[in-house]
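The values are calculated or read from the model by the stated rules, or taken from the named source; none is laboratory data. What you see is a predicted model, and the numbers here were worked out from it, not measured in a lab. Here the Cβ is made from the backbone with ideal geometry for all residues, glycine too, and neighbour counts use every protein chain on show.
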Amino acid sequence: MIREYLDNKPEVVAFSNYSWNRNLSIGIATEIKRRDPSTLIIFGGPNYPLEDPVRERWFRTFPAVDVYANGEGERPFQQLVDAWAETGSIEEVKRAGVDGCHALVDGKLFRTNDVTPRLAALDEFPSPYVKGYLDEFLIEHKLIPLMETNRGCPFACTFCEKGVTAWNKITFGPVERFREELRYVAERTSASFLLLGDNNFGMFKEDIEFAQVMRDSYETYGFPTMISAGGTAKARYDRVLESVKVLKGALPISVSVQSMDDAVLKNIKRKNLPFEKLLEIAADRYSDDSATRTKGEMILCLPGDTREKHVAGLCRLVDAGVSFMLVYTLILLDGSELSTEESRSKWSMKTMFRLNHRSFGSYEFGDTKVRAHEVEEVVVALDSMPFEDYLECRSFYFTLGVFYLDEIVFELLEFLKNFGIKTSDFIRYVHKEGRARFSPGLEKLYAS
């Protein structure tokens, strides 16, 4: 991007704003403004606060940003560029009244509607892949193609920016458009992996057809060998299983329960499948004709969470036979309900900041350098979970990782089941009693 700017000096520069690139984007935008204050800087993306007073502070903190397109970006970006082409004035663009676009005008937040209206379908705008705009990125072996078959999420989870009402509608693209995009990518990419931006792949009847398109692509081009989705569906697992089986193991099933406690789930506006269904899904991976794999996900320090609830939830997933688990510390994402001042106060959240994994660097920008590092704000204590209990939960997950997820004692765990000893009982015993017999090296890992 820096090279393109220096070579072409565009009058308008736009950035997609996520938690893993905000500070880098701000750094580049700031340097562009230093070089040419007349450049129109547009930001968009989910990493943007929900509350107007916080939004106003956001603009004051990042004065290089002229306009923020809140919501889907295709239509407002086009309208903002049209306004710029007509007026050539940043101030006039700010006042243009484009739906869902925010700016500081006379020192105050100015906007026409909170969020841009949703697209009726994903093919309202042409594919950037098929147009050839991304060809140079497809041949870069470090980059993974990202595609989507639908956009939106019907759920209202408070920890996710997609839980707000604006994203509850689901919009689809035609199967033939997806087939054309995938063919174009498969013929050019050096990657073997495909990322799907869908939040609930497999939940809709159309997904089975999309799955067949991806399978056909693999058999024709050898791409994709593996698929990662923003998440497999949180409902209609009959369709999920059918889609996964069409893909023959290329896509693991995500059992993203986040919590196994009903009170916690109510607090975050989440409803999981009945536990019996989770057992059925996990058992399916052991059937002779199935190549499916199950991945469980939980979040630590959700509102109402306790050490006992969290550990009990992990143990239930283990005993259900979920093959791989990830435990995330709750991240307060801008754009999510839990990041608001009201939620922070309601649940007495205590937070800390940590570096975002591998998201730092120093970048040459002509005669200067842009240095940036990204940080996450994570919840480490609540009214229901002291900091010490948070640390104990992290320690228990480490035990789970070493003695279950890494499968170094897989045969022993299977042997113990013959005597009615559950895997979770063994993990609890190792964590509580077995640590006295740990090697110095392993004990050092726990202490770190």
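Could you check the range 366-394 and list, in sequence order, the residues that are free of Cβ contacts under 8 Å to residues at least 60 places away in the same chain and not hydrophobic (A, V, I, L, M, F, W, C)?
Once the filter is applied, which keeps residues that are free of Cβ contacts under 8 Å to residues at least 60 places away in the same chain and not hydrophobic (A, V, I, L, M, F, W, C), the range 366-394 yields ASP367, LYS369, GLU377, ASP383, PRO386, GLU388.
What are the pairs, 6+ residues apart or on separate chains, where a residue within the range 86-113 that is farther than 17 Å from ILE41 by Cβ and modelled with pLDDT under 95 has its Cβ under 6 Å from a residue that is loosely packed, with under 14 Cβ neighbours inside 10 Å and small (Gly, Ala, Ser)?
Listed by first residue and then by second, the contacts come to THR112/GLY97.
In the list SER339, SER348, SER359, which residue meets the criterion of being small (Gly, Ala, Ser), outside the structural domain of ASN23 (by TED's automatic domain parsing) and in contact with a strand residue (DSSP E or B) (Cβ under 7 Å, 6 or more places away or on another chain)?
SER359
Within the bounds of the range 63-76, is there any residue that is among the aromatic types (Phe, Trp, Tyr), over 23 Å from the mean Cα position of the chain (by Cα) and at pLDDT 95 or above?
no
Of these, VAL105, VAL93, which one is aliphatic (A, V, I, L, M) and either assigned by TED's automatic domain parsing to the domain that holds VAL375 or surrounded by fewer than 17 Cβ atoms within 10 Å (Cβ to Cβ) (or both)?
Residue meeting the stated conditions: VAL105.
Can you list the helices (runs of 4 or more DSSP H) found entirely within the range 331-448 that contain at least 1 residues being modelled with pLDDT of 95 or more, hydroxyl-bearing (Ser, Thr, Tyr) and under 20 Å from THR306 (Cβ atoms)? Break it down stepwise before answering.
Numbers: elements: 341-346, 387-400, 410-417, 423-432, 440-447.
It comes to 341-346, 387-400, 423-432.
Determine which single condition THR116 fails, assuming it passes every other condition in (1) at pLDDT 95 or above; (2) within 29 Å of GLY197 (Cβ to Cβ).
Failed condition: (1).
Looking at the range 248-259, which of its residues are at pLDDT 85 or above and surrounded by 21 or more Cβ atoms within 10 Å (Cβ to Cβ)?
Of the range 248-259, the ones at pLDDT 85 or above are 248, 250-251, 257-259.
Correct list: LEU251, VAL257, GLN258, SER259.
Is it the case that TYR221 is assigned by TED's automatic domain parsing to the domain that holds ASN168 and at pLDDT 95 or above?
Against the criterion (assigned by TED's automatic domain parsing to the domain that holds ASN168 and at pLDDT 95 or above), TYR221 qualifies.
Which numbered condition trips up PHE360, out of (1) surrounded by 12 or more Cβ atoms within 10 Å (Cβ to Cβ); (2) touching a Phe, Trp or Tyr at 6+ places or on another chain (Cβ under 9 Å); (3) free of Cβ contacts under 8 Å to residues at least 24 places away in the same chain?
(2)
For residues that are under 21 Å from TYR397 (Cα atoms) and within 15 Å of the chain's Cα centre (by Cα), tally how many sit in the range 333-356.
1
Please work out if ARG75 is charged (D, E, K, R), under 28 Å from SER336 (Cβ atoms) and not in a loop (DSSP other than H, G, I, E, B). Steps first, please.
Numbers: charged (D, E, K, R): yes; under 28 Å from SER336 (Cβ atoms): yes; not in a loop (DSSP other than H, G, I, E, B): yes.
Yes: the conditions hold for ARG75.
Go through the range 202-222 and give me each residue that's part of a helix (DSSP H, G or I) and of a type in the set (A, V, I, L, M).
ILE208, ALA211, VAL213, MET214
Would you call ALA320 touching a helix residue (DSSP H, G or I) at 6+ places or on another chain (Cβ under 9 Å), aliphatic (A, V, I, L, M) and modelled with pLDDT under 85? Can you show your working first?
Values: touching a helix residue (DSSP H, G or I) at 6+ places or on another chain (Cβ under 9 Å): yes; aliphatic (A, V, I, L, M): yes; modelled with pLDDT under 85: no.
For ALA320, the condition - touching a helix residue (DSSP H, G or I) at 6+ places or on another chain (Cβ under 9 Å), aliphatic (A, V, I, L, M) and modelled with pLDDT under 85 - is not met.
Among the residues of the range 171-214 satisfying the criterion of being more than 21 Å from the chain's Cα centre (by Cα) and of a type in the set (Asp, Glu), which is surrounded by the most Cβ atoms within 10 Å (Cβ to Cβ)?
So, considering only residues that are more than 21 Å from the chain's Cα centre (by Cα) and of a type in the set (Asp, Glu), the one surrounded by the most Cβ atoms within 10 Å (Cβ to Cβ) is GLU181.
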